[in-house]
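Notes to accompany the following structure.
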Amino acid sequence: MTAPWAAGEDPKVYPIARSGDLVHIRQAIRALAQQSRLSLVDQTKMITAASELARNTLIYGGGGKVTAGLVSANGRRGVAAVFEDSGPGIPDVDQAMTDGWTSGGGLGLGLSGARRLVDDFRLDTAPGEGTTVSITKWAR
Amino acid sequence: MSERIPILRIGETLLVSVQFDLEDQMVLNLQEDLAEQIVSKAARGVIIDITALEIVDSFVGRMLATVAAISRVLDARTVVVGMRPAVAITLVELGLSLGGVDTALDLEKGLAKLRQPTSSVLR
């Protein structure tokens, strides 16, 4: 589950419609990761995971949006990002989560790699119903 | 919009310093420009400096691997220099170990690597 957004800090929505948007999303996630005092390595992991998932949303989902913001739970702070598209969905989730498997021209590391880089990872999808991927990285 | 990253030439070496976060199209342009210039400038070596890059995702990682492979086919060698420790950790965890890509910690070591005989660099 996506943790509750931190009180008083509304998450922002960023469009994912063209490849230039990926640059803005990386910048936004970086700013949030610094705000929540993630370590440098954890910042790098979160930004990289977001970049992979945003590109998936663009290429495989036909575009969509990401909602990103600070989260807090049990006295911890972190960054969360929810990527949503209304594309074709993923028919075989296990296959899509396998390293090296791709339905497009990529390396097949986006989903599986992004999951390894974050603390919480949730994938909701069904054929014809789009895909939502939620990730969270907590400050240690 | 097709901004391009400048490619400098020093003798037989092409030098690219990536100074900011790249859009995907710029990444692809760089790949093509390098292939073209290896041939047109008869370059034997390519140095890609990524000191300024805060992240390398699978798209940029694939470009680095592709440039390394293209340069090999064109009788040149590519060395990627200046990768930050956090970037290295993230790339490996992501699943990209950049096999086949030569690296050096900084520009000076990268140039030294290019001066070594080919056999000691190629795996």
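The values are calculated or read from the model by the stated rules, or taken from the named source; none is laboratory data. Please read these numbers as outputs of a predicted model, since none were measured by experiment. Positions of Cβ are backbone-derived with ideal geometry, glycine not excepted, and every protein chain shown enters the neighbour counts. The accessibility values were calculated without ligands, DNA or RNA, using every heavy atom of the protein model including side chains. Shrake-Rupley method; radii C 1.70, N 1.55, O 1.52, S 1.80 Å.
Taken as a whole, region A:117-133 holds at least one residue that is within 12 Å of chain B (Cβ to nearest Cβ), closer than 27 Å to residue B:28 by Cβ, open to solvent by less than 10 Å² (accessible area, probe 1.4 Å) and in contact with a helix residue (DSSP H, G or I) (Cβ under 8 Å, 6 or more places away or on another chain). I need the full set of residues from region B:28-53 which are more than 16 Å from residue B:104 (Cβ to Cβ), under 12 Å from the mean Cα position of the chain (by Cα) and surrounded by 20 or more Cβ atoms within 10 Å (Cβ to Cβ), in order please. Correct list: B:30, B:34.
Would it be correct to say that residue A:16 is within 24 Å of residue B:86 (Cα to Cα), among the aliphatic types (A, V, I, L, M) and within 13 Å of chain B (Cβ to nearest Cβ)? Answer is no for this residue. Selection of strands (runs of 3 or more DSSP E) fully inside region A:45-140 by the criterion of at least 2 residues being within 16 Å of the chain's Cα centre (by Cα) and hydroxyl-bearing (Ser, Thr, Tyr) returns A:131-138. Checked against (1) modelled with pLDDT under 95; (2) assigned to a loop (DSSP other than H, G, I, E, B), residue A:38 passes all but condition (1). Applying a threshold of 8 Å to beta carbon distances and a minimum spacing of six or more residues, or different chains, the list of pairs starting in region B:92-117 at a residue that is within 14 Å of chain A (Cβ to nearest Cβ) and on the phi < 0 side of the Ramachandran plot and ending at one that is acidic (Asp, Glu) and outside any helix (DSSP H, G or I) reads B:94/B:57. When residue A:38 is tested against (1) within 16 Å of residue A:119 (Cα to Cα); (2) facing chain B (nearest Cβ under 10 Å), exactly one condition is not met: (2).
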